[in-house]
Structures are given as C-alpha cells and as structure tokens.
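The values are calculated or read from the model by the stated rules, or taken from the named source; none is laboratory data. Since we're looking at a predicted model, the values are computed, not measured. Cβ: placed from backbone, ideal geometry, glycine included. Neighbour counts: every protein chain shown.
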Amino acid sequence: MSDRIKKYIDEIFAKAESCPENDDMKQEILQNTLDKYNDLLAEGKTPEEAYTAAIASIGKLDGIIKKNTVTYTYTKEEVLRDRKKSAILLSVSVALYILSILPPILLDNTVFSETLAPALMFVIIAIATALIIYRAKTRLPKNARNTIVINGTAVPAPKMSTLEKVLITLGCVIGGLILCTVIAVSLFMTRVVNDGGNIAGFGIITDTYENANEYNVGDGEISEAISEIDIDWTDGEVNIVSYGGDTVSIQEGQVSDEDDMLRYRVANGKLSIKYRKSGTRFGLFSEPTNKTLFVKVPENIAKNLAKLSVETVSAQTNIAGIYCTNELSVETTSGKCILTDCSASDLDFDSVSGNLSFNGDVLSADVSTTSGDMVLDLTESIRELSSESVSGNLSLTIPQGRGFTVEFDTVSGDLDSTAAFVQKNKHRIYGDGTAKFDVESVSGDLNISLK
Amino acid sequence: MSITADIIRGHTDAIILSNLMKKDNYGYEINKAIKRSSDGEYELNEATLYTAFKRLQESGCITCYWGSENTGARRKYYSITPQGIKLYKEKLEDWKITKSIINKLLETEDPE
C-alpha cells in the first residue's frame, strides 16, 4: 500500500520541473504521508482507510510545485522577425485562399474546367493551409511574443511602428501580386496550349468606338448610297470586291457569339464596319478565329467611291476593283495587303510587318513600313511617291514612258534598277523626271523596273 | 467549526513557530503535535504545512536540515532562528491583545 502512496505522489509531481526544490518537497511530503499512513494503521485503521485518509491529508499542491515552464528570453530582433514572418505567412495564405478560385474562373469553358481547374484550386488551398500550419508551428511561444529581454531584464516588446506596418503590408501586397501574376501566366500558357496557340488577348483590350448603339449586328445588305467605306478588322481576312449586284453586301460567315459578330453602320453616306461589339475586355480570351469579311460593292459605287480605309491588326486585306476618287488607305500591323486593279488619287499604306502588293492607278502614293515588303505596280498617272521603311524593301514597276526623279536616302539599302539614270546631285533622273519618288530606308532596298 | 478553522489557519506560522520553540522537528511530527494539542480538532494538510515552511524559510525565521535516521526514511528537520523567535514573540503578543479585545467586545455585548 505504501507503493500506492508513492505512485500517487509520483503522479502529482509528474509534470513538475526537475529541480532540487521540487525533489526535496516530494521527498518530504512522501515521508510525511507514509508516516501518517503507518500511524493510522497503528491506530487500527484498515489499509484502505489509512490510504484514503493519508492521501486526503496531502491537500492541493498545485500552487506550490514549480511547474515545468521554461522562461523564454528572446531579443528584440528575434521577436520582430517572428512577427514579420508570421504576418507574411498569414497574408500569403489568405491571398492564396482568395486566388484559389482563379483557376476555375480562368479555365472556364476549356477542356480543363472539370479536371485541371479544380485540381489547381485544391492544390492552392492545400498550400495555403500548409503555410498556416507552418506559421503556427514555427511561431515563438505565445508568452514570448510580447516580452523581450534587454540586459537580462524582461520588458514588453515594442509595438510595431506605422512605417513597419505599412512596409509589411506593401511587401505582402507586392508578394501577392507577383504570386498572382505567376499563377495567371502559367494558366495563360496552359490555355495557349489548350487553344492551339490561338490567343488574341491577355490583359486589357480596349476596342471601343463612338455611337456603338447605332450599329447593326451581323451580316447585312445596304441599298443606301455609299460614298465612303471605313473598315476596322482585327484578325482573319478582309475582302472588298466590286460585283454586279445592287446593294452593298456585308458577310462574315458563321459566328456563334453575338458579341463576336461584326457591327456596321451607315451615316451620311459612310459605311463603317467593326470587328465586334464595342467595349473593353479584361482577362484572358481568344478571339473568334477565321472571321472572314466579305464586302461586295456594286460596280457603280465601286467606281465612284470617295474614300476607302481599312485598318487591321493581323487580318489579311484583299481589295479588288475599287476606284477611289480621293483616298485609299490601308493600315495594318502584320496583315498582308493585296490591292488589285485599284485606283485612287492618294494611296496611303502603313504597316509594321505587313507586306503590300498593289497594282493600279494612283496619282500620289504615301507608303511606309518597318519590315514589310512593298510591291507597287503603277501606271502613267503616278505623280509623286513617298516611301519610308526600316528593313522593308520597295519594288516599283513603272511604265517606260513615265519620266521620274528618284531621291533614295538610305543607310545600307541598295538601289537596283533597269532604268538608265542621269545622276544630278542626290537625284537620279529618268526620262523627263516629272514624277517625284522620295524613298527613305535604313537597310531596305529599292528596286525599280520598267515595263 | 469552519469559522474556528479559518481563524486558526491565520495563525499557522505562529503555531509552527511555537512548536519549534521547544525543539527542532520535522513536518509530520509538528502536524501530529498540533493535532494532539487541539485534541484532534485541528490538523494541517501537507500543502498548507509545506507552504508555511517555505514562507518562514524565505523570511529567515526557520532553517532546515536533513535528518540522519537509521530507519532509512529521510526526514527534513526544521529549526527556529533568532529572527523566528522574535517573530513568535510578536505574534504571541499580538494574539494576546487580539484575544483580550475580542473577549471584551464579545462579553460586553453578551449580557444584554
């Protein structure tokens, strides 16, 4: 029975710190209790009664025993570093929880919407949870966070200054943005692969135009008199031809989403055609592909059009049999432009990498490109031509009877011509030298052939 | 009984000191002596006893040493110091005054 007493007291001291003070106390109390137990037995109590009474006489020792509490001493730097780390971990985790819905949103309507999207979402949630657990497990003990030791004296830890708070918040925001970008870019890449690389936009695309609500949606026939056509087309193809019909016909083929359908409007004799609904789009999207625009213009209109202007990004432009009394203007980023049997008093072409192939009748041509090649087959009507290019080449075909003066200003471009020039200062003169050709290039060549 | 126990508990230190005035002693024996003197009416538990010893030790009123019993049981003996004797005398005086005051207070009101 005395073993039971010993065991009982051992249990009381089980959580106690092992120090001489506690060991002495344990020894003393054990001995006193055993003495009492033996005395009670001697008084004629049963062992069970004696045990119960002896144990009862111990009382509550909780307040006396030194608990196994380690006193934490950390420096100011350690406490502050701990705070910062925990703040960052918490912010990143919360950011991840918020961002976890991005994959389902971004991958909506793709083949990944039911596989990769939820998987990514749960992976992000798992990472966020892991970070929170890691944060909890690596924090300084709670009672150490607000106390630091300076020269052996524990003092309250300093509060974080406003600047520190702002800096930490900023850091977290920037970190979150970087994380967000990384995730978005990786998802974007996934989607690029998914869509066969057919991605038109990521980020913000502003494609707004005035009077958007006055535009008609989809294909149409126009019987009104048209003197001017203005086309704004992003991707695909633009075809403008003259035909034997009575109305201007606009067609783009099958487009399922109404937002993606073309828009057109006629106002004051001007026909404007737009690629899609007006508006600013944000996010990740693919343009409808193969939007091929056909504008068929009745011959009487095609021969008397005042102005035609086409603006594209990557769409190829084909124009045939259109005669503009004033201006024919084509502007593109990378689209190829083929203008056949066209005429205009002014031809205006502007591209970055798009090529131009023109044949027809113009009085004045103003063409410029960065790296696109330009081929112009001109008639006797040509009066002046101005060309600018960086690396794009310019090829001109001129009727033999047309005299012209060339001023070719280039860094490394070559002039190649079958014409017999007369050199005069910077000018090369052919025939009567009436037409003025002003060509500037960095490395682009100039080729002039006679027909 | 409970009120009496409360009053007595307030004098634990003095009771222990009075016991040690006679001779050095160890915890259980002191407790037994208290029980005996109070005709079995009052007894301290280990926790109270130990707390009192610790308090008295810290204030320099008692010292302790481990006894060398032949029975094998090690006992911690307490011994009163001059400071402890001084405290005991003060406590005793205090109690005498308190007792007389309480006597007067209770007795004057009692006959009415």
Original post:
Which of the residues belonging to the stretch A:6-62 are more than 17 Å from B:Glu43 (Cα to Cα), β-branched (Val, Ile, Thr) and within 12 Å of another protein chain (Cβ to nearest Cβ)?
Top reply: A:Ile9, A:Ile12
**OP:** Look at B:Thr81 and say whether it is within 12 Å of another protein chain (Cβ to nearest Cβ) and β-branched (Val, Ile, Thr).
**Re:** no
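Hey, among the residues in the stretch B:74-94 that are surrounded by 16 or more Cβ atoms within 10 Å (Cβ to Cβ) and of a type outside the set (D, E, K, R), which one's farthest from B:Gly27 (Cα to Cα)? Reasoning before the result, please.
First pass over the stretch B:74-94, keeping only residues surrounded by 16 or more Cβ atoms within 10 Å (Cβ to Cβ): B:75-78, B:80-81, B:84, B:87-88, B:91.
This time we only want the ones that are of a type outside the set (D, E, K, R), so: B:77-78, B:80-81, B:84, B:87-88.
Working: B:Tyr77: 7, B:Tyr78: 8, B:Ile80: 13, B:Thr81: 17, B:Gly84: 17, B:Leu87: 20, B:Tyr88: 18 Å.
Filtering first and then ranking leaves B:Leu87.
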Original post:
So B:Arg74 clears everything in (1) over 14 Å from the mean Cα position of the chain (by Cα); (2) within 7 Å of chain A (Cβ to nearest Cβ); (3) within 20 Å of B:Thr4 (Cα to Cα) except one condition, right? Which one?
Top reply: (3)
**OP:** Identify the single condition in (1) part of a strand (DSSP E or B); (2) at pLDDT below 90 that A:Ser386 does not satisfy, given that it satisfies every other one.
**Re:** (2)
Original post:
In the set B:Leu49, B:Leu92, B:Leu20, which member is of a type in the set (A, V, I, L, M, F, W, C) and either in contact with a strand residue (DSSP E or B) (Cβ under 9 Å, 6 or more places away or on another chain) or modelled with pLDDT under 85 (or both)?
Top reply: B:Leu20
Subject >> Among (1) surrounded by fewer than 17 Cβ atoms within 10 Å (Cβ to Cβ); (2) in contact with a helix residue (DSSP H, G or I) (Cβ under 8 Å, 6 or more places away or on another chain), the one test that A:Pro20 misses >> reply: (2)
**OP:** Determine if the stretch A:350-358 includes at least one residue that is farther than 14 Å from A:Val238 by Cα, crowded, with 17+ Cβ neighbours inside 10 Å and touching a helix residue (DSSP H, G or I) at 6+ places or on another chain (Cβ under 8 Å).
**Re:** no
Original post:
Can you tell me which residue in the stretch A:416-434 is modelled with the highest pLDDT, limited to those that are exposed (fewer than 15 other Cβ atoms within 10 Å of the Cβ) and closer than 18 Å to A:Leu394 by Cα?
Top reply: A:Asp416
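Given the residues A:Glu214, A:Glu237, which is the only one that is within 34 Å of the chain's Cα centre (by Cα) and either hydroxyl-bearing (Ser, Thr, Tyr) or farther than 25 Å from A:Asp366 by Cα (or both)?
Working: A:Glu237 fails: either hydroxyl-bearing (Ser, Thr, Tyr) or farther than 25 Å from A:Asp366 by Cα (or both).
Among A:Glu214, A:Glu237, only A:Glu214 is within 34 Å of the chain's Cα centre (by Cα) and either hydroxyl-bearing (Ser, Thr, Tyr) or farther than 25 Å from A:Asp366 by Cα (or both).
Out of the residues in the stretch A:29-53 that are surrounded by 19 or more Cβ atoms within 10 Å (Cβ to Cβ) and of a type outside the set (Ser, Thr, Tyr), state the one that is nearest to A:Met1 (Cα to Cα).
A:Ala50
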**OP:** Out of A:Ser368, A:Ser391, A:Ser443, report the one residue that is modelled with pLDDT of 90 or more, hydroxyl-bearing (Ser, Thr, Tyr), part of a strand (DSSP E or B) and out of contact with any helix residue (DSSP H, G or I) (no Cβ under 6 Å at 6 or more places or on another chain).
**Re:** A:Ser368
